[in-house]
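Written below as structure tokens is the structure these notes are about.
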Amino acid sequence: MSNEILYILLPDFAAHEVVYLAQAIASDEYALKEYPKYVNKIVAPTLDPIKSIGGFRTLPDYAFDTMPDDYAALVLIGGFGWSTPVADKVVPIVRKAIEEGKTVGAICNAASWMAKHGFLNAVKHTGNGLEQLKIWGGEIYTNPEGYIHTQAVSDNRIVTANGSATLEFAKELLLLLENDTTERIEMYYQFNKQGFCSLFQ
């Protein structure tokens with residue numbers, strides 16, 4: 001299996017939702033990893049630069065039609081693009097990933113989009129509130145009892161999170177991917193969650 005982690009970015013994506021996961025994949029507390037277990041790659045609708053909500057432009061590594069079939073995980077980053085027609089092009093990508101048992105993460109509006117297409121109907125999950133999942137999912141979303149009102153949920157290799165849970169989202173994915181020891185992943189989480197001054201008084 002390829003060691004690439006593919007991040008799906010749509011126009012007006014939420015750049016902050018990428019940060020903790022991508023940073024832990026590429027670096028440790030000292031510097032960039034010389035031999036990282038995984039490599040971060042960006043996938044977008046085309047190879048043109050794609051703009052975040054904050055106005056930053058990112059150059060994709062792959063377009064939807066050039067992305068590899070073999071990869072370690074698929075991560076759907078939230079933002080406003082998930083409510084637009086371009087998001088429909090992601091459906092076969094996610095369906096294939098789930099059928100093949102790959103790790104799939106979806107945060108914020110991407111989790112709501114997962115509900116819209118029935119991808120949360122067989123797993124425990126969370127998102128931007130149960131009501132939003134019901135609104136986006138309509139009759140397709142049939143698993144409200146599987147909703148857990150918490151920051152991030154991991155079940156059957158699918159990780160979901162609300163838009164304020166960037167760090168929890170990263171933690172669950174890092175654990176699934178076994179990016180480091182459980183203790184070091186927890187240390188990374190606590191350092192960023194509590195902050196330097198709280199941990200080192």
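So the values come out like this:
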{"quantity": "Antiparallel bridge percentage (DSSP; both residues within the chain; nearest 5)", "calculated": "30"}
{"quantity": "Residues of type aspartates and glutamates that residue 116 reaches as a straight line, Cα spacing below 14 Å, ignoring anything fewer than 8 places off in the same chain", "calculated": "88, 131, 139"}
{"quantity": "Whole-Hz couplings from phi, Karplus 6.51/-1.76/1.60, listed for segment 148-158; x for Gly and Pro", "calculated": "10, 7, 9, 5, 8, 9, 10, 8, 6, 6, 10"}
{"quantity": "Out-of-range pairs (alpha-carbon distance over 24 Å; input 96/124; 124/171; 41/171; 51/193; 102/134; 41/96)", "calculated": "51/193; 102/134"}
{"quantity": "Only Lys, Arg (+1) and Asp, Glu (-1) charged, at Cβ; the chain dipole about Cα centre in debye", "calculated": "300"}
{"quantity": "Accessible area per residue, Å², the chain with all protein chains present, probe 1.4 Å", "calculated": "50"}
{"quantity": "Structure-based [θ]222 nm, the chain - -39500 (n - 2.57) summed over DSSP H runs of at least 4, per residue, nearest 500", "calculated": "-8500 deg cm²/dmol"}
{"quantity": "Percent carbon-and-sulfur accessible area, segment 123-201, ignoring ligands, DNA and RNA, probe 1.4 Å", "calculated": "54"}
{"quantity": "Ranked order, 149, 117, 16, 125 - accessible area, probe 1.4 Å, largest first", "calculated": "149, 16, 117, 125"}
{"quantity": "In segment 8-97, the chymotrypsin sites (Phe, Trp or Tyr not before Pro) that fall in loop regions by DSSP, at most 15 other Cβ within 10 Å", "calculated": "30, 56"}
{"quantity": "Placed amide H near residue 2: partners under 5 Å, 5+ positions off or other chain", "calculated": "71"}
{"quantity": "Sparse-neighbour loop sites [trypsin sites (Lys or Arg not before Pro); segment 83-155; at most 14 other C-beta within 10 Å; DSSP]", "calculated": "none"}
{"quantity": "Whichever aspartates and glutamates have a C-alpha closer than 16 Å to that of residue 37, once near sequence neighbours (fewer than 8 apart) are set aside", "calculated": "4, 28, 29, 70, 178, 180"}
{"quantity": "Calculated from backbone phi, Karplus (6.51, -1.76, 1.60) coupling profile of segment 91-100 in Hz, x at Gly/Pro", "calculated": "3, x, 5, 5, 4, 5, 4, 5, 4, 8"}
{"quantity": "Listed residue (122, 20, 49) projecting farthest to the positive dipole end of the chain, Cβ model", "calculated": "49"}
{"quantity": "Cubic angstrom per residue, convex hull over Cα atoms of the chain", "calculated": "125"}
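The values are calculated or read from the model by the stated rules, or taken from the named source; none is laboratory data. Everything numeric here is computed off the predicted structure, so don't read it as measured data. Glycine also receives a Cβ, built like all others from the backbone with ideal geometry; neighbour counts cover every protein chain displayed. Please note that ligands, DNA and RNA were not included when accessible areas were found on the heavy atoms of the full protein model with its side chains. Shrake-Rupley method; radii C 1.70, N 1.55, O 1.52, S 1.80 Å.
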